[in-house]
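What follows draws every value from the coordinates through simple rules; no lab data is involved. Values in this document were obtained by computation on a predicted structure and should not be read as measured data.
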Amino acid sequence: MDKSPPRKKDYTLTQEAFDALLQALDADPARAAESYEVLRQGLIRNLRRWSCQWPESIADKAIDRGAQKIIQGEKINNIPAFFRRVAYLVWLDVARESKEQPLIGDESQFPDPPAEDHTERERRIACMEHCLWELRPESRALVIEYYQGQGRTQAEARKIMAARLKTTLCNLTLRVHRIRVNLEECVTKCLEREGYAK
């Protein structure tokens with residue numbers, strides 16, 4: 001996984017929002033899952049072309065934010081174009097937070113994340129580790145393996161993983177997403193208990 005960008009506001013993707021996104025992509029669940037993966041990989045490619053340092057993290061944040069818009073009833077005629085715009089806006093938010101103006105093609109425009117409260121960062125890591133260990137062993141192993149690597153290496157590894165599990169890549173993506181939703185909810189609750197949620 002790529003490093004996390006500076007955090008302005010978290011949009012946690014709920015199961016309801018994810019289901020609404022899949023329904024908007026296609027009425028058939030298998031085709032919707034495939035379209036979801038195509039959409040996400042397309043956003044990652046665009047973000048890389050824009051010299052974004054955190055393409056996967058920002059693509060996920062864009063999908064989270066865009067899905068919330070869908071669940072709120074926003075009419076979307078061109079889903080890929082809509083999510084490209086959302087990804088660009090999320091990228092601008094991150095650039096502003098890191099005190100940089102984005103210039104497409106300028107690889108220096110995403111410096112190392114600014115210094116942040118190390119206590120908060122450590123608490124987030126501790127909450128993530130805690131929540132990972134709260135998962136069933138097979139779910140924990142699945143989500144960790146799914147997010148290993150980057151780019152083509154990651155895509156190929158996921159295909160091999162799906163074949164090993166005797167399932168389709170689409171079904172694997174949906175299964176991991178459901179685990180991720182639960183994991184994000186657990187981390188948010190953990191941070192709230194510790195007084196670090198923003």
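Is the shape of segment 12-73 rounded, prolate or oblate, going by the alpha carbon gyration tensor and its root eigenvalues a ≥ b ≥ c, with a/c under 1.5 for rounded and a/b larger than b/c for prolate?
Oblate is the answer for segment 12-73, as a/c is 1.5 or above yet b/c matches or exceeds a/b.
Give the average over all directions of the projected area of the C-alpha convex hull of segment 118-194, one decimal, in nm².
5.6
Short version: ³J(HN,Hα) in whole Hz for each residue of segment 49-64, in order, from phi by Karplus 6.51 cos²θ - 1.76 cosθ + 1.60 (θ = phi - 60°), x for Gly and Pro, what are they?
Listing the rounded values in order: 5, 7, 6, 6, 6, 10, x, 5, 4, 6, 4, 5, 5, 5, 5, 4 Hz.
Quote the relative contact order of segment 15-109 in percent (integer), defining contacts as alpha-carbon pairs under 8 Å separated by 6+ residues.
Computed value for segment 15-109: 29 percent relative contact order.
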